[in-house]
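The values are calculated or read from the model by the stated rules, or taken from the named source; none is laboratory data. Values in this document were obtained by computation on a predicted structure and should not be read as measured data. No Cβ is skipped: glycine too gets one built from the backbone with ideal geometry, and neighbour counts run over all protein chains shown.
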Amino acid sequence: MANERTTLSGEILEELELDLAEFCRLCELPAEQVFELVDEGIIEPQGREPAGWRFRGVAIRRVRRVQRLERDLGLNLAGAALVLDLLDELERLRARLRQLES
């Protein structure tokens, strides 16, 4: 799985579209944990019902960040969701700053 994680990066990761089973396999998570991530708003699948959910590659990156936050900082899902929101905002602000500087 480590090799698979290494190759799923950059543009290839962004282009992925996975069903629930594929997403669970790549993230090494049971479906119940994926449901919790969706409930917390950490990832947002396309589709209304779990059987029809589709996940984009960016969701894999978000799950990996949450896993690191839980492991390294001992955060729960709500805390990890807050950190992700703040990191997203920081990225948006940095992009805007770069745009204004050029």
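Key figures for this structure:
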quantity: Sole exception among (1) surrounded by 15 or more Cβ atoms within 10 Å (Cβ to Cβ); (2) at pLDDT below 95 for LEU69, by number; calculated: (2)
quantity: Odd one out for GLY41 among (1) touching a residue at least 40 places away in the same chain (Cβ under 8 Å); (2) part of a helix (DSSP H, G or I); (3) in contact with an Asp or Glu (Cβ under 9 Å, 6 or more places away or on another chain); (4) more than 15 Å from LEU16 (Cβ to Cβ); calculated: (2)
quantity: Region 73-87 residues that are within 10 Å of GLU40 (Cβ to Cβ), paired with ones that are in a helix (DSSP H, G or I) and charged (D, E, K, R) (beta carbon under 7 Å, 6 or more apart); calculated: LEU77/GLU36; ALA80/GLU70; LEU84/ARG62; LEU84/ARG65
quantity: Hits in region 37-65 - residues which are surrounded by 15 or more Cβ atoms within 10 Å (Cβ to Cβ) and more than 17 Å from VAL83 (Cβ to Cβ); calculated: VAL38, PRO45, TRP53, ARG54, PHE55, ARG56, GLY57, ILE60
quantity: Residues within region 1-45 that are of a type in the set (S, T, N, Q) and modelled with pLDDT of 95 or more, tallied; calculated: 1
quantity: Verdict on ALA80 being among the small types (Gly, Ala, Ser), modelled with pLDDT under 95 and assigned to a helix (DSSP H, G or I); calculated: no
